[in-house]
Amino acid sequence: MPDFGRRTLTPELMDTEACDFETFRACLVDLAAVNRLTLAYRPTLAFFERLRTEGRLPKDRPLRVLDVGSGYGDPLRVLARWAARRSVALEMTGADLNPFAAQAAADATPPGLPIRWLTANALDLPGDPPDVVMSSLFAHHLDEDQLVRFLGWSERTARVGWLVNDLQRHWFAYYGFALLARLMRWHRFVQHDGPVSIARAFKAKDWRALLASAGVVDARIAPRFPFRLCIERVRP
């Protein structure tokens with residue numbers, strides 16, 4: 001039984017087990033189903049709606065958005081639909097270290113959406129800095145040193161603000177997801193990695209320590225239903 005008082009660093013199969021492209025894509029497809037069922041996109045859309053209503057969007061060019069650890073790309077595709085309904089101009093980039101991710105995301109993206117998919121370390125991308133750095137279910141894959149570096153880089157790089165959309169470590173989420181994944185017969189990676197991800201995730205006290213180590217002030221730690229902890233930073 002995990003000790004939910006501290007995060008575990010048990011590895012996830014998606015990060016460690018070699019597989020072919022079709023196996024990897026099948027896992028990503030099921031993860032997108034998990035995201036829809038668990039309302040995973042709502043915190044991201046709420047953050048961008050906040051930027052819109054507060055007048056934080058550029059008036060003479062598209063808002064540049066960088067999604068770090070973009071995976072299957074479903075958060076950016078959902079964001080593109082949100083933007084189209086509100087006539088918000090976006091220029092989006094999804095970056096992931098796994099080359100299968102960019103291929104799967106590109107295959108799933110309808111033509112005409114303003115998204116490019118890269119196999120790259122997002123922290124080393126050249127060119128104009130993004131207005132917004134976002135990540136979804138990425139932070140818990142990192143160890144503490146990597147995460148402090150990521151937070152510090154986001155703070156230095158994002159012109160308008162940044163968002164970390166991640167899980168909350170909780171016993172009910174851990175056991176509840178394990179049961180749900182078996183009932184839904186999701187991919188074996190999802191059945192294994194879902195509970196592990198929750199055990200690797202954070203509580204508010206963890207985020208306070210990480211933000212302090214990264215030298216980040218004025219970031220908001222926002223709980224979101226169900227069992228999400230999001231870190232939101234909008235520049236004044």
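The numbers here are math on the coordinates, done by the rules we state, and not lab data. Please read all numbers here as calculations on a predicted model, not as lab measurements. Quick reminder, even Gly has a Cβ in these numbers, built from the backbone with ideal geometry, and neighbours come from all protein chains shown.
Taking other Cβ atoms within 10 Å as a rough exposure proxy, 1, 92, 184 sort from fewest to most as 1, 184, 92.
Multiplying the residue separation of residue 53 and residue 145 by 0.36 nm and subtracting their alpha-carbon distance yields 29.6 nm.
Counting every alpha-carbon pair across region 70-137, the share separated by more than 18 Å comes to 34%. Per residue of the chain, what 222 nm ellipticity follows from adding -39500 (n - 2.57) for every DSSP H run with n ≥ 4, rounded to the nearest 500? One gets -14000 deg cm²/dmol as the mean residue ellipticity at 222 nm.
Using only Cα positions of the chain, each an equal point scatterer, no hydration layer, compute I(q)/I(0) via Debye at q = 0.08, 0.09, 0.15 Å⁻¹ and quote the log10 values to two decimals. The calculated log intensity ratios at q = 0.08, 0.09, 0.15 Å⁻¹ are -0.28, -0.35, -1.05. Only alpha carbons enter this Debye calculation for region 99-236, each as an equal point scatterer, and the log10 of I(q)/I(0) it gives at q = 0.10, 0.11, 0.16, 0.18 Å⁻¹ is -0.40, -0.48, -0.98, -1.16. Counting other Cβ atoms within 10 Å as a rough exposure proxy, the listed residues 41, 72, 175 run 175, 41, 72 from fewest neighbours to most. Shape of region 152-220 from the C-alpha gyration tensor: prolate (a/c of 1.5 or more and a/b above b/c, with a ≥ b ≥ c the square roots of its eigenvalues). GNM remark for the chain: springs join alpha carbons under 10 Å apart, and the peak mean-square fluctuation among 45, 28, 163 falls on 45.
Using C-alpha pairs under 8 Å with a sequence gap of at least 6, the mean separation divided by the residue count of the chain gives a relative contact order of 22 percent. By the beta-carbon count within 10 Å of each Cβ, the least crowded to most crowded order of 162, 171, 153, 207, fewest first, is 171, 153, 207, 162. Taking the average, over residues, of other Cβ atoms within 10 Å as the packing measure, peptides 9-21, 188-200 rank 188-200, 9-21 from highest down.
The distance between label points at residue 205 and residue 120 comes to 4.0 nm (points 7 Å beyond Cα on the Cα→Cβ vector). Measuring between their Cα centroids, region 1-71 and region 167-195 lie 16 Å from each other. With 10 Å bins beginning at zero, the pair-distance distribution over Cα atoms of region 28-163 amounts to 12, 45, 37, 6 %.
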